Structure formats: structure tokens, C-alpha cells
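A.B. asks: Below: one structure in C-alpha cells.
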Amino acid sequence: MKICSNCGAESYRTESQFCLKCGTALPGKNTMPAQNICTNEECEYHKSQWIYPDDARFCDACGSPTVFSI
């Protein structure tokens, strides 16, 4: 079991790479940290690959959800 450093949630599988609750990369085999980005491909922040803080859930430019991506 792994513990998320962002929200404290416990993963149920040892092979989990990301937190089920907040999407933060879990410790382990990840070689690159996950980055929180806008999901709207038309948004200027998505195109520039602006990285939001881990706790951001929505883009402040267009209102679209953000997602953790490697």
C-alpha cells in the first residue's frame, strides 16, 4: 500500500502509479513527476503546457478541469 503525499489517501494496489483521490503521482517507479495541466486543447494554458499546483482542479483561464499528466 502507498500513501499519497498530497492528500494522504491510501492506494489499494501496490502497483498504483497515481492517487485515486487527487491524481498525484505516488512514490515508486515513476521517473517523471506528474504535472497538473488544463484539459481544454483550445485553451492558451493547455497549448503553453502551463503547470497548475497539485490542488488545482480547474483552469483559471477557461474553467475546464485540470488533469495530472506525465
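A.B. asks: Report every pair of residues separated by at least 6 positions or lying on different chains whose Cβ atoms are under 8 Å apart, first residue within the range 7-27 and outside the structural domain of Ser69 (by TED's automatic domain parsing), second surrounded by fewer than 16 Cβ atoms within 10 Å (Cβ to Cβ) and in a strand (DSSP E or B).
C.D. replies: As it stands, the answer is Ala9/Ile3; Glu10/Ile3; Ser11/Ile3; Gly23/Val67, since those pairs meet every condition given.
A.B. asks: Separate question: Out of all the residues in the range 31-41, is one or more in contact with a Gly (Cβ under 8 Å, 6 or more places away or on another chain) and among the polar types (S, T, N, Q)?
C.D. replies: Let us first name the residues in the range 31-41 that are in contact with a Gly (Cβ under 8 Å, 6 or more places away or on another chain), namely 34, 36.
Then keep just the ones that are among the polar types (S, T, N, Q); that gives 36.
Yes, the range 31-41 contains at least one residue that is in contact with a Gly (Cβ under 8 Å, 6 or more places away or on another chain) and among the polar types (S, T, N, Q).
A.B. asks: Same structure, new question: Tell me which residues, restricted to the range 28-70, are of a type outside the set (Asp, Glu), in contact (Cβ under 8 Å) with a residue 40 or more places away in the chain and surrounded by 16 or more Cβ atoms within 10 Å (Cβ to Cβ). Outline the logic, then answer.
C.D. replies: Going through the range 28-70, the residues of a type outside the set (Asp, Glu) turn out to be 28-40, 43, 45-53, 56-59, 61-70.
Adding the requirement that they be in contact (Cβ under 8 Å) with a residue 40 or more places away in the chain leaves 30, 67-68, 70.
Answer for the range 28-70, where residues must be of a type outside the set (Asp, Glu), in contact (Cβ under 8 Å) with a residue 40 or more places away in the chain and surrounded by 16 or more Cβ atoms within 10 Å (Cβ to Cβ): just Phe68.
A.B. asks: Quick one: in the range 14-70, which of the residues that are touching an Asp or Glu at 6+ places or on another chain (Cβ under 9 Å) and among the charged types (D, E, K, R) is modelled with the lowest pLDDT?
C.D. replies: Lys29
The values are calculated or read from the model by the stated rules, or taken from the named source; none is laboratory data. These numbers come from a predicted model, not from an experiment. So basically every Cβ, Gly included, is an ideal-geometry build from the backbone, and we count neighbours across all protein chains shown.
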